[in-house]
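Following: one structure in structure tokens, then a few remarks.
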2 protein chains.
Amino acid sequence: MSTLSVFLDVPAAQKLEGSLLKAYKLDNCSKKMFLAYKVCMTQEGQPWVSFVVHKIRRQIAQDPSLNYEYLPVMGMKSFIQASLGLLFGKHSQVIVENRAGGVHTVGDSGAFQLGAQFLKTWRGDSQIVYVISSQVEQHGLIFQDMGFIVFEFSFWDSEQLCMDPNILFNLVKGAPDGCIFVIGNIDYCKLTQSQWTKLMATMKKKRIFPFFDIPYQGLSTGDLEEDTRFLQYFVSEGFEFFCSQSLSKSFGIYDEGVGILAVVALNNQLLLCVLSQLMNFALALWLNPPTSGARIITSILCNPALYETWKLSLKEVAENIMLIKEKFKEKLRLLGTPGSWDHITNQNGTHGYLGLNFQQVEYLVKKKHIYVPRNGRINFTCINASNIDYITQSINEAIIFTNGSGG
Amino acid sequence: MSTLSVFLDVPAAQKLEGSLLKAYKLDNCSKKMFLAYKVCMTQEGQPWVSFVVHKIRRQIAQDPSLNYEYLPVMGMKSFIQASLGLLFGKHSQVIVENRAGGVHTVGDSGAFQLGAQFLKTWRGDSQIVYVISSQVEQHGLIFQDMGFIVFEFSFWDSEQLCMDPNILFNLVKGAPDGCIFVIGNIDYCKLTQSQWTKLMATMKKKRIFPFFDIPYQGLSTGDLEEDTRFLQYFVSEGFEFFCSQSLSKSFGIYDEGVGILAVVALNNQLLLCVLSQLMNFALALWLNPPTSGARIITSILCNPALYETWKLSLKEVAENIMLIKEKFKEKLRLLGTPGSWDHITNQNGTHGYLGLNFQQVEYLVKKKHIYVPRNGRINFTCINASNIDYITQSINEAIIFTNGSGG
């Protein structure tokens with residue numbers, strides 16, 4: 001037997017699992033809790049699933065008429081149509097004019113992988129990408145691996161405890177012509193229409209290419225249309241763009257790897273060229289996208305009664321999130337915790353900034369076994385009736401003991 | 001609105017769909033038939049599904065205890081273990097010694113994409129790949145896109161109407177040191193143990209890296225172990241290799257995109273390094289592989305009773321294929337078709353060479369609307385009671401009218 005391995009020079013790769021989750025898992029304390037899960041959690045601490053999904057899953061499993069053949073490279077047509085309808089509205093300009101299309105992908109990572117390969121090949125002159133900091137680990141990495149220069153940004157003002165559009169305006173002003181801006185996720189996009197108009201004017205002047213990221217439509221404000229309204233502005237202004245839409249989180253089918261890369265072009269002819277190139281990349285990446293998740297989503301989106309039930313379940317989640325945030329704020333108020341906590345309820349969606357500084361976050365992790373990312377951005381659905389007292393008391397302690405305010 | 005499109009320079013990509021399928025779809029003749037489908041078909045002309053799958057699908061849909069959270073990057077551990085067990089045998093040397101591992105991928109294209117990315121990065125000095133001609137469109141393309149030089153090979157001897165190992169021996173002898181050989185699919189690998197030994201000796205001398213392709217274990221001979229026995233030879237000889245295993249076809253869950261990239265290394269430490277690098281690539285490709293198909297397969301493989309039922313269904317398929325081939329040969333004999341047709345029954349698996357020359361194939365396509373690839377390699381499960389007479393009569397006609405023998 002040869003003793004010289006082919007793999008002799010292959011080093012162990014850096015651990016992929018976030019160091020926070022790793023530290024949490026190694027912690028033996030019974031009180032430990034992790035507040036940075038990606039997905040929406042129920043009050044029982046389980047990943048949320050829209051109840052209409054269970055029913056559909058059973059129906060699909062019992063349907064003898066279904067064909068389990070390979071999908072075409074582009075994916076499931078009805079799923080793509082339904083997804084685009086959700087993203088832009090069924091009667092929107094781009095759909096009526098046949099200039100919005102999509103490729104069915106393996107989740108949002110697949111959509112970014114596909115989009116990045118296209119941009120690498122067909123926009124070779126502009127290899128600079130701006131990615132919002134909360135997405136840099138996931139999407140930034142994809143661009144970086146392909147040789148793009150990736151800049152990370154955030155427009156959370158940790159002094160004023162709010163999103164500051166001016167940070168974004170200045171960033172866009174200073175960005176090089178023709179670069180790519182990954183804009184998402186929706187929680188951040190609480191600009192007013194006139195602020196968007198201002199942003200778009202600069203983007204257009206600098207030929208900045210928008211790559212939107214819609215990871216949980218409907219879970220931000222609880223209103224599907226409201227969550228993607230800003231896309232309409234870009235459509236109206238004649239922008240061409242990519243948009244990754246993953247509906248896994250909005251239905252609670254996290255492990256199905258379901259998404260689309262939506263494309264908006266100036267006309268149908270351009271769109272078809274772009275889609276044909278994207279399919280060439282998809283062919284080598286996975287050939288046929290997986291069907292199960294797309295089948296569940298399509299069954300729900302194409303049935304008016306199920307669609308309404310699903311919408312209701314999203315609204316409930318958004319209301320529950322707001323309720324948790326209200327309770328959370330009230331508990332801190334009752335404890336007399338220094339600082340204003342309005343920023344908690346001013347943020348939409350599952351994830352939001354606690355507005356704690358690094359010392360305070362460190363206190364929570366090290367002394368209280370509450371695992372919070374360095375920037376203090378947590379998943380509020382990880383907070384429930386059984387842990388809210390411990391969490392708020394610990395935050396109160398962290399602020400008093402580190403002798404700072406909430407800012 | 002700006003009238004200059006960002007996508008102005010993007011041309012339409014070449015059509016991906018094979019030209020044969022395209023021509024078939026455009027044909028208006030009612031008698032038309034397509035004999036080159038990738039998947040195993042039933043006698044009713046539907047994609048085959050192992051009957052045990054339906055039952056499991058219903059059970060899974062009704063199981064309230066299942067968690068639909070994201071899988072880790074590596075995928076579903078139990079699925080990987082079960083797949084490796086199937087590939088090498090649960091008690092095989094490489095599994096006992098902890099030097100076989102795998103990454104859960106999106107089908108076999110995903111496995112080849114992942115493996116090729118690894119080889120591109122970590123074996124930069126050898127960028128030459130040999131791919132068997134039946135797989136060159138699918139896997140060859142992946143290597144080619146990444147900058148590898150791809151050579152196509154076949155060891156079907158169209159004069160003698162059989163596989164000729166000497167073609168393979170000479171090819172390996174002439175191949176450059178350190179190149180990559182994609183060996184599959186199983187139907188081709190009907191070498192005897194001593195022929196494998198001879199092949200391995202040359203491969204080892206030339207440090208050729210084997211990348212196996214197991215696209216339908218159990219559907220070739222009807223015997224799961226028999227179909228992958230040659231992997232044991234490579235293991236025993238101390239080879240390190242990659243192996244793509246896709247079980248979609250063996251269960252009839254084509255649209256689930258389920259596969260693994262199996263890795264065999266000289267020891268556990270090397271294996272872990274390779275797997276960690278593969279995970280880095282998977283992270284950017286799809287982050288989390290889809291679960292549905294893996295869950296179905298694992299449920300069946302890990303339940304002894306279901307496993308036996310599944311094995312039985314594979315055996316049935318293999319027997320049916322042989323029955324079709326026998327009938328096919330008999331019909332040609334009764335028609336007095338010139339030539340020997342033993343090569344039909346001498347080939348294993350769903351796909352096999354008809355042994356027709358190009359003129360004869362063209363006659364079938366153009367005059368008889370029977371769509372057969374240029375090399376005459378068809379899917380025998382596309383032949384059934386309702387079309388066998390038309391097909392055999394047409395072949396008889398093709399041979400007589402083109403005035404040649406079957407060779």
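The values are calculated or read from the model by the stated rules, or taken from the named source; none is laboratory data. It should be emphasised that the depicted structure is a prediction, and the values quoted were computed from it without experimental measurement. Backbone-built Cβ (ideal geometry, glycine too); neighbour counts: all protein chains shown.
Which members of region A:87-122 meet the condition of being within 13 Å of another protein chain (Cβ to nearest Cβ) and farther than 26 Å from A:N288 by Cα?
Those that are within 13 Å of another protein chain (Cβ to nearest Cβ) and farther than 26 Å from A:N288 by Cα: A:Q93, A:V94, A:E97.
Conditions tested, residue by residue: (1) more than 30 Å from B:A294 (Cβ to Cβ); (2) at pLDDT 95 or above; (3) at the interface with another protein chain (Cβ under 8 Å from one of its Cβ atoms).
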{"position": "A:Q232", "(1), (2), (3)": "yes, no, no"}
{"position": "A:C243", "(1), (2), (3)": "no, yes, no"}
{"position": "A:F251", "(1), (2), (3)": "no, yes, no"}
{"position": "A:V264", "(1), (2), (3)": "yes, yes, no"}
{"position": "A:Q277", "(1), (2), (3)": "yes, yes, yes"}
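What number of residues in region A:164-193 are more than 17 Å from the chain's Cα centre (by Cα) and either within 14 Å of chain B (Cβ to nearest Cβ) or crowded, with 19+ Cβ neighbours inside 10 Å (or both)?
7
Looking only at region B:67-81, decide whether some residue is surrounded by fewer than 16 Cβ atoms within 10 Å (Cβ to Cβ), closer than 30 Å to A:N268 by Cβ and in contact (Cβ under 8 Å) with a residue 24 or more places away in the chain.
Scanning region B:67-81 turns up no residue that is surrounded by fewer than 16 Cβ atoms within 10 Å (Cβ to Cβ), closer than 30 Å to A:N268 by Cβ and in contact (Cβ under 8 Å) with a residue 24 or more places away in the chain.
Can you tell me which of (1) farther than 26 Å from B:F118 by Cα; (2) modelled with pLDDT under 90 is the one B:F169 doesn't meet?
(2)
Only one of these is touching a strand residue (DSSP E or B) at 6+ places or on another chain (Cβ under 6 Å) and farther than 30 Å from B:S313 by Cα: B:G147, B:G174, B:G140, B:G184. Name it.
Being touching a strand residue (DSSP E or B) at 6+ places or on another chain (Cβ under 6 Å) and farther than 30 Å from B:S313 by Cα holds for just one of B:G147, B:G174, B:G140, B:G184, which is B:G140.
When you look at A:G140, is it in the same structural domain as A:V264 (by TED's automatic domain parsing), modelled with pLDDT under 95 and in a loop (DSSP other than H, G, I, E, B), yes or no?
Judged against the criteria, A:G140 is not a match.
Show the residue pairs that are 6+ apart or on different chains and have beta-carbon atoms under 8 Å apart, the first residue being within region A:134-146 and free of Cβ contacts under 8 Å to residues at least 24 places away in the same chain, the second being in a helix (DSSP H, G or I) and of a type outside the set (S, T, Y).
What qualifies is A:L141/B:L283; A:L141/B:A284; A:D145/B:A284.
Could you tell me whether region B:62-78 includes any residue that is among the hydrophobic types (A, V, I, L, M, F, W, C) and more than 11 Å from chain A (Cβ to nearest Cβ)?
The answer is no; no qualifying residue exists.
Quick one: which residue in B:D63, B:D125 is of a type in the set (D, E, K, R), surrounded by fewer than 18 Cβ atoms within 10 Å (Cβ to Cβ), within 30 Å of A:N280 (Cβ to Cβ) and out of contact with any helix residue (DSSP H, G or I) (no Cβ under 9 Å at 6 or more places or on another chain)?
Going through B:D63, B:D125 in turn, just one is of a type in the set (D, E, K, R), surrounded by fewer than 18 Cβ atoms within 10 Å (Cβ to Cβ), within 30 Å of A:N280 (Cβ to Cβ) and out of contact with any helix residue (DSSP H, G or I) (no Cβ under 9 Å at 6 or more places or on another chain): B:D125.
So, in region B:253-262, of the ones that are more than 9 Å from every other protein chain (Cβ to nearest Cβ) and small (G, A, S), which residue ends up surrounded by the most Cβ atoms within 10 Å (Cβ to Cβ)?
B:G259
Against the definition (within 8 Å of chain A (Cβ to nearest Cβ), closer than 30 Å to A:G293 by Cα and either surrounded by 20 or more Cβ atoms within 10 Å (Cβ to Cβ) or of a type outside the set (V, I, T) (or both)), how does B:W286 come out, yes or no?
yes
Counting only residues that are closer than 30 Å to A:P373 by Cα and in contact (Cβ under 8 Å) with a residue 24 or more places away in the chain, how many does region A:112-133 have?
So the answer is 11.
Checking A:L272 against (1) within 20 Å of A:W48 (Cβ to Cβ); (2) part of a helix (DSSP H, G or I): exactly one of these is not met. Which one?
(1)
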